[in-house]
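Only one structure is covered here, and it is reproduced in the block below.
The values are calculated or read from the model by the stated rules, or taken from the named source; none is laboratory data. Please read these numbers as outputs of a predicted model, since none were measured by experiment. All Cβ positions, even for glycine, are placed from backbone atoms using ideal geometry, and neighbour counts span all protein chains on display. The protein model used for the area step is the full one, side chains on, heavy atoms only, and it has no ligands, DNA or RNA in it. Shrake-Rupley method; radii C 1.70, N 1.55, O 1.52, S 1.80 Å.
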Amino acid sequence: MNDGPYGIHTFQFSNESLEFTMYGDYVYNKVEKDLIYFKTKNVNSILKSHFNKTFTQQFLFMYTFIGTYNNLLGFYYESVSLEDIRNYNLKESGVDLGNGIMYNYNFGKFAVVDIFRKTDKGVIRFVNINNPKEIDPDRKKFHREVNGLFFKLNQNLWDNPPMIK
């Protein structure tokens with residue numbers, strides 16, 4: 001659904017759902033190859049780098065027409081806990097979101113913001129991938145986009161959202 005400058009989508013995974021607000025320029029579950037920054041093998045490697053368990057379901061693929069910012073994927077892991085995620089990522093502390101955890105890291109040419117959120121029967125994972133060809137020193141535009149999307153528009157999803165400037 002598009003609600004003016006914002007779109008609201010209900011993501012379905014397992015027998016659960018989650019309402020998510022996005023900026024109006026995001027394209028949901030459609031493919032325009034020029035605006036996709038990665039190949040399937042890149043995503044598979046990124047997924048395994050921070051949690052080496054096969055996801056149960058992919059419920060999201062999204063990107064913006066403004067090709068400078070973000071490709072976003074969503075995955076559901078049934079019977080997985082946030083503690084499982086933390087135990088796999090012992091070398092990195094992540095940002096505690098109360099009912100979730102966020103990791104920022106570089107993976108090859110990509111900057112990645114990996115956000116996990118607890119659900120009734122498992123964990124959902126949002127993988128944000130930047131455009132590596134964009135001139136964005138310190139990836140400020142990318143991080144501003146992710147912060148706005150997850151912690152401004154969707155701050156209600158988190159028990160302990162980080163402060164947004």
Given the condition open to solvent by less than 10 Å² (accessible area, probe 1.4 Å), part of a loop (DSSP other than H, G, I, E, B), touching a Lys or Arg at 6+ places or on another chain (Cβ under 9 Å) and modelled with pLDDT of 85 or more, answer yes or no: does some residue in the stretch 93-114 qualify?
yes
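In the set Val146, Val123, which member is touching a residue at least 12 places away in the same chain (Cβ under 8 Å), part of a strand (DSSP E or B) and not charged (D, E, K, R)?
On the way: Val146 fails: part of a strand (DSSP E or B).
After applying the criteria, what remains is Val123.
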Okay, strands (runs of 3 or more DSSP E) sitting entirely in the stretch 1-89 with 3 or more residues that are open to solvent by 40 Å² or more (accessible area, probe 1.4 Å) and modelled with pLDDT under 80, I get none
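Go through Lys121, Lys91 for me and flag whichever is over 19 Å from Phe13 (Cβ atoms) and among the charged types (D, E, K, R). Break it down into steps so the answer makes sense when it comes.
Numbers: Lys121 fails: over 19 Å from Phe13 (Cβ atoms).
Going through Lys121, Lys91 in turn, the sole match is Lys91.
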Let me spell it out: the conditions are (1) at negative phi; (2) touching a Phe, Trp or Tyr at 6+ places or on another chain (Cβ under 9 Å), and Asn160 meets all of them except one. Which number is the exception?
(2)
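Does any residue of the stretch 98-106 turn out to be of a type in the set (S, T, N, Q), in contact with an Asp or Glu (Cβ under 9 Å, 6 or more places away or on another chain) and over 15 Å from Leu18 (Cα atoms)? Before the answer, list the steps.
If we filter the stretch 98-106 for residues that are of a type in the set (S, T, N, Q), which is where we start, we get 99, 104, 106.
Cutting the leftovers down to in contact with an Asp or Glu (Cβ under 9 Å, 6 or more places away or on another chain) gives us 99, 104.
Now narrow it down to the ones that are over 15 Å from Leu18 (Cα atoms): 104.
Among the residues of the stretch 98-106, at least one is of a type in the set (S, T, N, Q), in contact with an Asp or Glu (Cβ under 9 Å, 6 or more places away or on another chain) and over 15 Å from Leu18 (Cα atoms), which makes the answer yes.
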Restricting attention to the stretch 81-91, does a residue exist that is under 21 Å from Leu157 (Cβ atoms), among the basic types (Lys, Arg) and within 12 Å of the chain's Cα centre (by Cα)?
no
Only one of (1) open to solvent by 60 Å² or more (accessible area, probe 1.4 Å); (2) of a type outside the set (Ser, Thr, Tyr); (3) modelled with pLDDT under 95 does not apply to Lys118, and that is (3)
